[in-house]
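Trainee: Encoded as structure tokens, here's the structure I'll be asking about.
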Amino acid sequence: MAIKSAKGTRDILPGEVGGWQRVESAAHRIFALYGFREIRTPIFEPTELFVKSTGSDTDIVTKEMYTFTDRGDRSITLRPEGTPGVVRAVLEHRLVGQGEIERLYYLGPMFRYERPQKGRYRQFSQIGVEAFGSAHAATDAEIMQMVIALLADLGIADALLQINSVGHSECRGVYRQALRDALMPRRDELCPDCQRRLDVNPLRILDCKTPGCMQIVATAPRILDYLCSDCSTHFAQVRECLETLSVRHEVNPRLVRGLDYYTRTTFEVVSDKLGSQNAICGGGRYDDLVASMGGPAVPGFGFAIGEDRLVMVAAEMPGAGPCSAPADIYIVHLGPEALKEGLAAAGALRARGLATRIDPDARDLKKQMSKAAGWGARYALLIGERELQGGKYALKRMADGEQHEVPARQWDQIRLEIARA
Ligand code: AMP
């Protein structure tokens, strides 16, 4: 039997790639407007990087990592998320010091051993940003507004921004205890995963999608009621700034996110076009992460967009259009000398920026003309032995069949005629 792609992975076929390119070019363009620069980090990293930064008792680290020992006996992990690698690179290359600002973004594949379903894969792509150096609430709002601006650029107007605050480590500690105390009497009613979470990391219970757990969580204490006054003020300022920027949002007090490093603001952008895996983007503030990884005390704010899901939603929006690239010009060659001339013509026209097609195996005129139409070419350039001897080609406009002669090898002139059309 022929070999199939590994479970949870998929091919992005040529007909789909245009949707990805559209999303990526919008991200490059919009992020640059906000002062972000692209960074490319390795796809695999030392395993301890994720254990230390993503968090040793998160689902990602305990259940989902692709970890292996390499031939040099090192433990290596395919990156399950982008933030740890970016923070490592920032520290390794001293890209940011205390009191400095650095805004970075990345695009690329991530790997998690999850149960695959629509919108959830084992290899998926994220587009993420990390803004280092500002603890100000306005930064949180500005960056969340950037996500909304990117979605708007792609024609997505109805996605919803949900925000919450998980406080800083101290207020979260107080809340963690209150949550544990509240849930302990109902321990037996929780799912087996959440019974374990109750001991190691009760906040994660708030994320559980099991109906029984969700019902219990609905009556549990809310983290917003446990914030210290600084964290409360910060959250109020974030909301104020979002209003100043006219960014529609709602507060979701259960939103804690699955990663350990968040402090204060957390957020998600959800779309009802996605079914059960409805989050397009998630992120938040991480003021302690850089220091906890051995760096200076530099605050941070970041997010990751699930590109697979964004492409899915964007494809349904007006303006997405078909993804094939039509040719500008198709070269019809009639005879062995004409084929040689045609190959030279294709090289010269491509060098002048024209998408050009030629099929050396095709012989008769009719077949080649139907190929020209099949490729969506705007023009056909006909080269026959007779034309060659007369120093001319024929240029045919595909839309209406209009045809006239053009001088052979006058590539710039041919390019201009096509550009004018
Ligand atoms: P996270 O890194 O878990 O905060 O996720 C950020 C975003 O990445 C989510 O909102 C999803 O859109 C996307 N995402 C996370 N895991 C997957 C997955 N297994 N397959 C596809 N997209 C994912």
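Trainee: Filtering region 227-245 down to residues that are at pLDDT 95 or above and assigned to a loop (DSSP other than H, G, I, E, B), which residue is farthest from the ligand (Cβ to nearest atom)?
Mentor: Cys228
Trainee: Out of region 108-149, which residues are closer than 15 Å to Val270 by Cβ and within 14 Å of the ligand (Cβ to nearest atom)?
Mentor: Matches in region 108-149: Gly119, Arg120, Met144, Val147.
Trainee: Taking Arg122 as meeting all but one of (1) out of contact with any Lys or Arg (no Cβ under 8 Å at 6 or more places or on another chain); (2) more than 30 Å from Cys231 (Cβ to Cβ), write down the number of the exception.
Mentor: (1)
Trainee: Let me ask you something else. Within region 256-295, take every residue that is assigned to a loop (DSSP other than H, G, I, E, B) and more than 13 Å from the ligand (Cβ to nearest atom) and give me the one that is nearest to the chain's Cα centre (by Cα).
Mentor: Ranking the qualifying residues of region 256-295, first place goes to Asp272.
Trainee: Tell me which residues, restricted to region 142-166, are buried (at least 24 other Cβ atoms within 10 Å of the Cβ) and over 24 Å from Lys273 (Cα atoms).
Mentor: Ser165, Val166
Trainee: Select from region 161-214 the residues that are touching a Pro at 6+ places or on another chain (Cβ under 7 Å) and among the small types (Gly, Ala, Ser) and write down the one among them that is nearest to Glu142 (Cα to Cα).
Mentor: Looking at the filtered set, the residue picked out is Ala178.
Trainee: Would a scan of region 182-202 turn up a residue that is surrounded by fewer than 18 Cβ atoms within 10 Å (Cβ to Cβ) and touching a strand residue (DSSP E or B) at 6+ places or on another chain (Cβ under 7 Å)?
Mentor: No: region 182-202 contains no residue that is surrounded by fewer than 18 Cβ atoms within 10 Å (Cβ to Cβ) and touching a strand residue (DSSP E or B) at 6+ places or on another chain (Cβ under 7 Å).
Trainee: Has region 76-88 got any residue that is crowded, with 17+ Cβ neighbours inside 10 Å and either away from the ligand (no atom under 16 Å from the Cβ) or farther than 30 Å from Met312 by Cβ (or both)?
Mentor: Yes.
Trainee: So which residues in region 353-382 are polar (S, T, N, Q) and buried (at least 16 other Cβ atoms within 10 Å of the Cβ)?
Mentor: Thr356, Gln368, listed by residue number.
Trainee: Restricting to region 53-95, name every residue that is modelled with pLDDT under 95, touching a helix residue (DSSP H, G or I) at 6+ places or on another chain (Cβ under 7 Å) and either more than 23 Å from Tyr113 (Cβ to Cβ) or not β-branched (Val, Ile, Thr) (or both).
Mentor: Within region 53-95, Ser53, Gly55, Asp57 meet the criteria.
Trainee: Residues in region 298-312: is at least one surrounded by fewer than 19 Cβ atoms within 10 Å (Cβ to Cβ) and either on the phi > 0 side of the Ramachandran plot or assigned to a loop (DSSP other than H, G, I, E, B) (or both)?
Mentor: No - not one qualifying residue is present in region 298-312.
Trainee: Looking at region 109-226, what helices (runs of 4 or more DSSP H) fall wholly within it and have at least 2 residues that are in contact (Cβ under 8 Å) with a residue 60 or more places away in the chain and among the acidic types (Asp, Glu)?
Mentor: Counting at least 2 such residues, we get 137-153.
Trainee: Any residue in region 24-47 that is within 14 Å of the ligand (Cβ to nearest atom), farther than 20 Å from Val290 by Cα and loosely packed, with under 13 Cβ neighbours inside 10 Å?
Mentor: Checked against the condition, which is being within 14 Å of the ligand (Cβ to nearest atom), farther than 20 Å from Val290 by Cα and loosely packed, with under 13 Cβ neighbours inside 10 Å, region 24-47 yields no hits at all.
Trainee: Of (1) over 17 Å from the mean Cα position of the chain (by Cα); (2) over 20 Å from Val290 (Cα atoms); (3) charged (D, E, K, R); (4) crowded, with 19+ Cβ neighbours inside 10 Å, Lys52 satisfies all except one. Which?
Mentor: (2)
Trainee: Taking the criterion of being touching a strand residue (DSSP E or B) at 6+ places or on another chain (Cβ under 9 Å) and assigned to a loop (DSSP other than H, G, I, E, B), would at least one residue in region 18-32 satisfy it?
Mentor: no
Trainee: Among all residue pairs at least 6 apart or on different chains, which show Cβ distances below 8 Å where the first residue, located in region 277-300, is under 17 Å from Phe124 (Cα atoms) and at pLDDT below 95 and the second is within 16 Å of the ligand (Cβ to nearest atom) and not charged (D, E, K, R)?
Mentor: These pairs meet every condition: Gln277/Gln117; Gln277/Gly119; Asn278/Val270; Asn278/Ser271; Ala279/Val269; Ala279/Val270; Ala279/Gly306.
Trainee: Condition (residue is free of Cβ contacts under 8 Å to residues at least 60 places away in the same chain and part of a loop (DSSP other than H, G, I, E, B)) applied to region 47-54: is it met by at least one residue?
Mentor: no
Trainee: Working carefully through the options Thr69, Thr58, find the one that is under 27 Å from Asp260 (Cβ atoms) and either touching a Pro at 6+ places or on another chain (Cβ under 8 Å) or surrounded by 14 or more Cβ atoms within 10 Å (Cβ to Cβ) (or both).
Mentor: Every option except Thr58 fails the conditions.
Trainee: I'd like the full set of residues that are within 19 Å of Glu341 (Cβ to Cβ) and without any contact (Cβ under 8 Å) to a residue 24 or more places away in the chain, limited to region 368-386. Steps first, please.
Mentor: Residues of region 368-386 within 19 Å of Glu341 (Cβ to Cβ): 368-369, 371-372, 377, 379-386.
Once the filter is applied, which keeps residues that are within 19 Å of Glu341 (Cβ to Cβ) and without any contact (Cβ under 8 Å) to a residue 24 or more places away in the chain, region 368-386 yields only Arg386.
The values are calculated or read from the model by the stated rules, or taken from the named source; none is laboratory data. Just so it is clear, the model here is predicted, and its values are computed rather than measured. Counting neighbours? That spans all protein chains shown, and the Cβs are built from the backbone with ideal geometry, glycine included.
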